[in-house]
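Just dropping this structure here.
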Amino acid sequence: MIQLFLFLLGNTWTSEIVDLIYCDGDEVKARRDAIYNRVPFLELCVPGMPSGIDQLNAAAFPRLVKTHLPIHLMPASFWEKDVKVIYVARNAKDVAVSYYYLHKMSSAMPDPGPWDVFLDNYVKANVCYSSWYDNVKGWWEKRHDHKILYIFYEDMKENPKKEIKKILQFLGKEMSEAIVDKIVYLTSFEVMKDNDMANYKTIPTEFMNQTISPFMRKGIVGDWKNHFTVAQNEQFDEDYKRKMADTDLHFRTEI
């Protein structure tokens, strides 16, 4: 069976959770390699680094892989296989901020320019992966037709144990409360930030310069309030209402 896990931000967190589940909560096993090798990034293609496809082809079953691709770009074979998807969605404002800092520190991303320019491009879908709205809505609409567990970053922050139990049930895995509690602890932001097998510090500086911004920066809900001006927030909200008017998908921007 191929296990395919998709994420919108928070992907390293969920990757670590799922890998620990398959390691039965064994911290030593989970630290056997960097997270980007344990859970390859499907569309990764950076000169000087193995591609995500190459890593996936070399992986043993069950295979764990992550992607940010919108649903309409998934290959036809994806739907023909016995695939399980965990889709983690995060509110649009915090995604914009997190994505901005990723652009600043990653050489694989284009220069974002100043915050106001990047936010304007983000709203207009002139960024990598295009529209946040199309991505979250596309997977939301498919969740009843395929094996898709759709969860929210904000719910994970509010009650990680509850969401980890949802993942366990979805994967058909059983674990003791003690192991679940251990996974909650090992995948907390504070622990993962100090775990070099999870924090991307093993990536060379020329690819990810964490002196500009750490890969694991804050891991909170509501950091957008420290970046959006009043005018930007009002304009964003008006645009958001128009673009989300055709869906019953709802997000929280604070908890």
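Based on the Cα gyration tensor of segment 134-201, what are the three equivalent ellipsoid semi-axes, each the root of five times an eigenvalue, rounded to whole Å and given largest first? Can you show the working numbers first?
Values: eigenvalues 122, 61, 22 Å².
Equivalent-ellipsoid dimensions as semi-axes: 25, 17, 11 Å.
At 1.4 Å probe size, with the rest of the protein present, what percent of the exposed accessible area of segment 51-103 is carbon and sulfur atoms?
Answer for segment 51-103 is 57 percent, counting heavy atoms of protein chains only.
Which whole-percent values make up P(r) of the chain when all C-alpha to C-alpha distances are grouped in 10 Å steps starting at zero?
Taking all Cα pairs of the chain, the binned fractions are 6, 30, 38, 22, 4, 0 percent.
Over segment 124-174, what percent of the accessible surface lies on carbon and sulfur atoms, probe 1.4 Å?
Numbers: 1170 of 2670 Å².
The value for segment 124-174 is 44 percent carbon and sulfur by accessible area.
Next question, about the same structure. With 25 Å as the limit, write out which pairs from 29/104; 124/201; 157/201; 93/157; 124/225; 93/124 have Cα-Cα distances beyond it, or answer none.
Violating the 25 Å limit, Cα to Cα: 29/104; 124/201.
Taking segment 1-151, how much of its Cα-Cα pair set, in percent, is spaced more than 25 angstrom apart?
Here the long-distance tail beyond 25 Å is 32 percent of all Cα pairs in segment 1-151.
Please give the Cα centre distance for segment 139-185 versus segment 195-255, rounded to the nearest Å.
21 Å
Would you please report the Å³ per residue occupied by the convex hull of the alpha carbon atoms in segment 75-176?
Cα convex hull per residue, to the nearest whole number: 141 Å³.
In terms of the Cα gyration tensor, with a ≥ b ≥ c the square roots of its eigenvalues, is segment 150-248 rounded because a/c is under 1.5, prolate because a/b exceeds b/c, or oblate?
Oblate.
Something else: Find, among the trypsin sites (Lys or Arg not before Pro) in segment 38-136, those assigned to loop by DSSP (not H, G, I, E, B) with at most 14 other beta-carbon atoms within 10 angstrom.
Answer by residue number: 81, 124.
Find, among the GluC sites (Glu not before Pro) in segment 189-255, those assigned to loop by DSSP (not H, G, I, E, B) with at most 13 other beta-carbon atoms within 10 angstrom.
206, 254
Would you mind working out the accessible area per residue for the chain, using a 1.4 Å probe, and quoting it in Å²?
On the way: 12480 Å² over 255 residues.
Value for the chain: 49 Å² per residue.
Still on this structure: Given only helices, namely DSSP H runs of n ≥ 4 each adding -39500 (n - 2.57), what is the per-residue ellipticity at 222 nm of the chain, to the nearest 500 deg cm²/dmol?
Details: 13 runs with 113 residues, N = 255.
Calculated mean residue ellipticity at 222 nm is -12500 deg cm²/dmol.
Can I ask one more? Starting from the Cα-Cα distance between residue 255 and residue 77, subtract it from 0.36 nm times their residue separation and give me the gain in nm to one decimal.
Full extension from residue 255 to residue 77 adds 60.2 nm.
What is the percent carbon and sulfur in the accessible area of segment 189-255, measuring with a 1.4 Å probe over the protein chains and ignoring ligands?
Percent of accessible area from carbon and sulfur atoms in segment 189-255: 51.
The values are calculated or read from the model by the stated rules, or taken from the named source; none is laboratory data. Treat the numbers as computed from the prediction; the structure is a model and nothing was measured. Every residue, glycine as well, gets a Cβ built from its backbone with ideal geometry; the counts of neighbours run over all protein chains shown. The area values use the complete protein model at the heavy-atom level, side chains included, leaving out ligands, DNA and RNA. Shrake-Rupley method; radii C 1.70, N 1.55, O 1.52, S 1.80 Å.
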